[in-house]
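Report on the following structure.
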Amino acid sequence: MTASTSRMPVEFAPHVLREYALLADGHRGAVIGPRGDVGWMCAPGWDDEPLFAQLVGGAGVFAVTPSRRCVWGGYYEPGSLIWRSRWTTDVGIVECREALAAPAHERTAVVLRRVEPLDEAAELDVVLRPAAGFGAGRRLSWQVEGGVWTVRAGGRRLRLSGVAGGHVDDHGVLRARLSVPPGTRHDLVLEVSEGRLRGRPPDPDQLWEETRAYWNESVPDLTGSVAPRDAQHAYAVLRGLTAPGGGMVAAATVGMPERAEAGRNYDYRYVWLRDQAYAGLAAAVAEPHGLLDEAVRFTTARVLERGPDLAPAYRLDGSLPPRERHRRVPGYPGGRVVTGNWVRGQFQLDTVGELLQLYAAAGRHDRLQTDDVRAVSALVDLARDRWTEPDAGVWELEDAWWTHSRLACVAGLRSAASVVARSEASRLETLADGILAETSRRCLRPDGAWRRAPGLHGVDASLLLAPVRGALPAADPRSAATLDAVTRELVQDGFVYRYRPDERPLGDAEGAFLMCGFAMSLALLEGGDRIGAFRWFERQRSACGPPGLFSEEFDVRQRQLRGNLPQGFVHALLLETAQRLA
């Protein structure tokens, strides 16, 4: 092995996205590759500086990997984000059980890794090299006492237990060789904190039992859906992305390219209110689950704090995301690292409509509190005052009179009419009728389908949701014509693209959007085509790797995941569709 001060050895180079698994506890996440390499983890929180950034060409990795030649596999324990890396080596099979300990502390992360040979003795290499941010920084000063290693990196303190025989190499990398006999197990516990780590290292048996119990209590079985295993896994992913009592980050990673060298590299480690609404709606299809209450709680706080200045996205503490900043690291191959997000200065009218739909879903389950009703009133006023204005829309483009934004408001107002006082309901319906009439006047094509915006002839796949959410019936000629137009203009090999940005063939500009494929399934179901809905659902849920995680886009030609991982709104639409099909 060789190492440099800037990056880890070649055996920990990036893998294709479909091979990565996610460990998460709501406050932060770790992305782990097939060689047992945690190549991305920010700590102590989602949008703090990374501790391990090897995935994007920075410094830092925490690997537990077989010493011998091997092939990789893995699986999640049902209804959890407890991952089991599984390797078949030349001499036997070994698993490493991996998780972030839960329930978690907001400012302290604990990474659990348990090596379990299944037949023969296993030898594995442990490599730990934390980094301050994206760079290597100054040489680390390790200390060891009683087989427990401690170090400071960028203001964070780390303590690793379970590597009594380790050593620090010439480049400041902690290395150890584990030899684990068959029938036994070996635990490693890595603690990361902003403050001092006091007392003895925690008992791994107790941490594992608490973590198992946490997931068992937090994720419903969803046996009533058409795909219980995938629906439960989608819920677990959303649970892992959601801070207890707080918001859901849109994705765990930064800078995963949608297209190589295309410049579309974003930081999604923040809470998009729209995405949070999708998750809440999915958690409210049958019986209300915990993610519904948390979506409402976080949203109400933002609406009442910000009022008419409501932004599309926030950090978990309620502040705006930082401005975009380009980082001087190589990035994931084909991409570049950008932290922060330009969404902080945008107005997205569709978000107002999506949030009204969320509150209506909560109202159907009698989950609204007094402050929630106040938030509904504030959102109605916002829709009334600003529906005529250009906005950035669902895809966060240049400001325009986006059709989907208006129809989302129509659906939201109609839904919210069921949770406001009877005297107010007629006002909401009248406002919805007025918006729909003006949108129809300005945004219909000659063939009767919705166009993206006045002056833009093409159709947009987000418009499939209009009848699903109740803006107008599925049998309405406008809905039928739009479904036909999307199928004719935006579909390739069973996947749906957002819109056609130019004259290039589909797939040249960007990948298919998996969320739109699930929206197609819901639209067909709403229109009574149950068989077609099932076909679309099955096609979309195949677009993942062994860990069952979905990114934002799918490259149809190369069968590759594109964009940040995992993308929360895709899992939300999968969860909703799996339940509605039942």
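Inspection of the range 415-438 identifies at least one residue that is open to solvent by less than 30 Å² (accessible area, probe 1.4 Å), over 27 Å from the mean Cα position of the chain (by Cα) and within 18 Å of Ala449 (Cβ to Cβ).
Among the residues of the range 469-478, those identified as surrounded by fewer than 24 Cβ atoms within 10 Å (Cβ to Cβ) and not in a helix (DSSP H, G or I) are Gly470, Leu472, Pro473, Ala474, Ala475, Asp476.
Restricted to the range 536-579, and to residues there that are touching a residue at least 40 places away in the same chain (Cβ under 8 Å), assigned to a helix (DSSP H, G or I) and out of contact with any Asp or Glu (no Cβ under 9 Å at 6 or more places or on another chain), the residue that is most open to solvent (accessible area, probe 1.4 Å) is Trp536. Residues in the range 321-357 that are at pLDDT below 90 and either assigned to a helix (DSSP H, G or I) or touching a Cys at 6+ places or on another chain (Cβ under 7 Å) (or both): 3 in all. Scanning the range 173-190 for residues that are part of a loop (DSSP other than H, G, I, E, B) and small (Gly, Ala, Ser) returns a single hit, Gly183. Of the residues making up the range 79-110, those that are within 20 Å of the chain's Cα centre (by Cα), within 22 Å of Arg196 (Cα to Cα) and assigned to a strand (DSSP E or B) are Leu100, Ala109.
Among the residues making up the range 358-390, those that are closer than 23 Å to Ala301 by Cα and either among the polar types (S, T, N, Q) or part of a strand (DSSP E or B) (or both) are Gln369, Thr370, Ser377. When you check Arg302 against the structure, is it assigned to a helix (DSSP H, G or I), open to solvent by 10 Å² or more (accessible area, probe 1.4 Å) and within 30 Å of Gly57 (Cα to Cα), yes or no? It is false that Arg302 is assigned to a helix (DSSP H, G or I), open to solvent by 10 Å² or more (accessible area, probe 1.4 Å) and within 30 Å of Gly57 (Cα to Cα). Per the listing Ala260, Ala279, the residue uniquely closer than 23 Å to Cys544 by Cα, buried (at least 24 other Cβ atoms within 10 Å of the Cβ) and of a type outside the set (Ser, Thr, Tyr) is Ala279. Residue check: is Leu397 open to solvent by 30 Å² or more (accessible area, probe 1.4 Å), farther than 18 Å from Leu465 by Cβ, aliphatic (A, V, I, L, M) and part of a loop (DSSP other than H, G, I, E, B)? Considered against the rule, which asks whether it is open to solvent by 30 Å² or more (accessible area, probe 1.4 Å), farther than 18 Å from Leu465 by Cβ, aliphatic (A, V, I, L, M) and part of a loop (DSSP other than H, G, I, E, B), Leu397 comes out as no. For the range 460-468, the count of residues that are exposed (fewer than 15 other Cβ atoms within 10 Å of the Cβ) and over 24 Å from the mean Cα position of the chain (by Cα) is zero. Scanning the range 205-258 for residues that are of a type in the set (A, V, I, L, M) and under 20 Å from Phe298 (Cα atoms) yields Val219, Ala236, Val237, Leu238, Leu241, Ala243, Met248, Val249, Ala250, Ala251, Ala252.
The values are calculated or read from the model by the stated rules, or taken from the named source; none is laboratory data. Predicted model, so just to flag it, every value in this text is computed and none were measured. Positions of Cβ are backbone-derived with ideal geometry, glycine not excepted, and every protein chain shown enters the neighbour counts. Note: accessible area is taken over every heavy atom of the protein model, side chains too, but ligands, DNA and RNA are not part of it. Shrake-Rupley method; radii C 1.70, N 1.55, O 1.52, S 1.80 Å.
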